[in-house]
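Questions regarding the structure given below will be posed in turn.
The values are calculated or read from the model by the stated rules, or taken from the named source; none is laboratory data. Here the structure is a predicted model, which means the values were calculated and not measured. FYI the Cβ positions are ideal-geometry reconstructions off the backbone, even for glycines, and counts take in every protein chain you see. Please note that ligands, DNA and RNA were not included when accessible areas were found on the heavy atoms of the full protein model with its side chains. Shrake-Rupley method; radii C 1.70, N 1.55, O 1.52, S 1.80 Å.
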Amino acid sequence: WLVQGAEPLHLPIGYLGAHANAAVALLAAAARPLLVKAIVTCDGRPDLIEPVLRSVVTPTLLLVQGHDPSRLQVNRRAMETLGASQKELYVLWGDARHPNRRAALAETARRSRNWFIRFMSPAAVAEVPHGAGATASPGWS
């Protein structure tokens with residue numbers, strides 16, 4: 001509905017998806033690769049759309065809670081499969097459901113904000129194509 005309005009769209013679009021909704025964000029970005037400028041997933045389930053992951057060329061940040069080995073493994077596999085040349089996996093060592101919840105949520109918000117700024121700022125939208133650079137971050141930078 002956003003792109004079907006009467007006024008032309010002047011702001012870049014980014015998707016944030018958590019858990020199973022992360023798969024929806026990735027799928028939507030694969031369907032409109034030139035429209036979506038950045039994706040952040042939090043404890044996502046990219047395995048739900050595994051056959052489509054190579055079609056996701058939008059810069060993608062995968063944030064994963066380190067306490068869940070199966071979710072971490074799923075996201076590591078997705079990191080290898082994603083078609084985006086600019087992608088990053090970051091392991092958060094807190095747990096948003098436990099006592100250090102506030103710190104884990106703050107770290108998630110900070111990393112998400114930085115990713116969106118990196119790929120959605122006016123300079124980034126004008127200059128940066130879906131270009132090179134994939135990294136995996138161990139969670140302590």
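Give just the number: which of (1) open to solvent by 40 Å² or more (accessible area, probe 1.4 Å); (2) at pLDDT 85 or above; (3) of a type in the set (Gly, Ala, Ser) does Ala6 not satisfy?
Condition (2) is where Ala6 drops out.
Within segment 13-34, which residues are among the hydrophobic types (A, V, I, L, M, F, W, C) and surrounded by fewer than 15 Cβ atoms within 10 Å (Cβ to Cβ)?
Passing the criteria: Ala20, Ala31, Leu34.
Continuing with the same structure: I need the helices (runs of 4 or more DSSP H) fully contained in segment 39-141, keeping only those with at least 1 residues that are at pLDDT 95 or above.
The helices (runs of 4 or more DSSP H) meeting that bar are 69-81, 101-120.
List every residue pair whose Cβ atoms sit under 6 Å apart, with the two residues 6 or more apart in sequence or on different chains, where the first one lies in segment 52-79 and is over 24 Å from Val36 (Cβ atoms) and the second, anywhere, is among the aromatic types (Phe, Trp, Tyr) and surrounded by fewer than 19 Cβ atoms within 10 Å (Cβ to Cβ).
Matching pairs, first to second residue: Gly66/Trp93.
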